[in-house]
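Colleague: Please see the structure below; I have some questions.
The values are calculated or read from the model by the stated rules, or taken from the named source; none is laboratory data. The structure displayed is predicted, hence computed values, not measured ones. A quick note on method: Cβ atoms are made from the backbone with ideal geometry, for glycine too, and the neighbour counts reach across all protein chains shown.
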């Protein structure tokens, strides 16, 4: 009895590992967009693939399950490729954005079309930081289900450009140390070496790079350093 139970456990573990590996490669094939920004078709594929992957762990036929996963994955890949090349295919599979507010006026017909009531819509606006619908110039339901909001010009935050204040360039910071490990390629990119890094750390009384959780350098030459917990 115990031997049979152990065999079942090992069998489920093997099936689960096969399912995870297959799912990983299919997700890589589909691309990051499937994870980060689901369209209507992506949502359907995601549910189907997740269900099939789970069933592989307990169902009898691994071959059928893997075949089904591969088929769904291939379908998602083909649709993504067609959407890249054809606007018509893009509209068919991913739908098109829907305007909820235009020129400050709510489009009730479009709300009904998307099965969204006014309370849910107002909630979406509040999530975006908009608590007065009168402040909104445009609001659009994107293909991934997110609502994009454009405030009226007089309600937008003031920027340096609005009052003609010059600003310095600020690009992406370069990570030089991550979790105690020196990013050598990044150091070369900013035209520095490990000797320079050691000197900079020494100035800040940091004895070892292993004590650093994160060290980065911004485009103004200023360094940010976060020490690991126990050394904080």
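Colleague: When segment 128-146 is examined, which residues are found to be in contact (Cβ under 8 Å) with a residue 12 or more places away in the chain and under 28 Å from residue 42 (Cα atoms)?
Modeller: Hits for segment 128-146 are 128, 138, 139, 140, 141, 142, 143, 144, 145.
Colleague: What number of residues within segment 151-191 are surrounded by 10 or more Cβ atoms within 10 Å (Cβ to Cβ), part of a loop (DSSP other than H, G, I, E, B) and in contact (Cβ under 8 Å) with a residue 12 or more places away in the chain?
Modeller: 4
Colleague: Of the conditions (1) within 20 Å of the chain's Cα centre (by Cα); (2) surrounded by fewer than 16 Cβ atoms within 10 Å (Cβ to Cβ); (3) modelled with pLDDT of 70 or more, residue 49 fails just one. Which one is it?
Modeller: (2)
Colleague: In the same structural domain as residue 224 (by TED's automatic domain parsing), outside any helix (DSSP H, G or I) and either without any contact (Cβ under 8 Å) to a residue 24 or more places away in the chain or over 12 Å from residue 223 (Cβ atoms) (or both), is that true of residue 195?
Modeller: No.
Colleague: From the list 132, 119, 164, which residue is farther than 21 Å from residue 97 by Cβ and in contact with a helix residue (DSSP H, G or I) (Cβ under 9 Å, 6 or more places away or on another chain)?
Modeller: Step by step, each of 132, 119, 164 is checked, and only 132 is farther than 21 Å from residue 97 by Cβ and in contact with a helix residue (DSSP H, G or I) (Cβ under 9 Å, 6 or more places away or on another chain).
Colleague: Can you tell me which of (1) modelled with pLDDT of 80 or more; (2) closer than 21 Å to residue 142 by Cα; (3) surrounded by 15 or more Cβ atoms within 10 Å (Cβ to Cβ) is the one residue 34 doesn't meet?
Modeller: Residue 34 satisfies all of (1) modelled with pLDDT of 80 or more; (2) closer than 21 Å to residue 142 by Cα; (3) surrounded by 15 or more Cβ atoms within 10 Å (Cβ to Cβ) except (1).
Colleague: Taking the criterion of being under 30 Å from residue 198 (Cα atoms), at pLDDT below 90 and under 26 Å from the mean Cα position of the chain (by Cα), would at least one residue in segment 123-142 satisfy it?
Modeller: no
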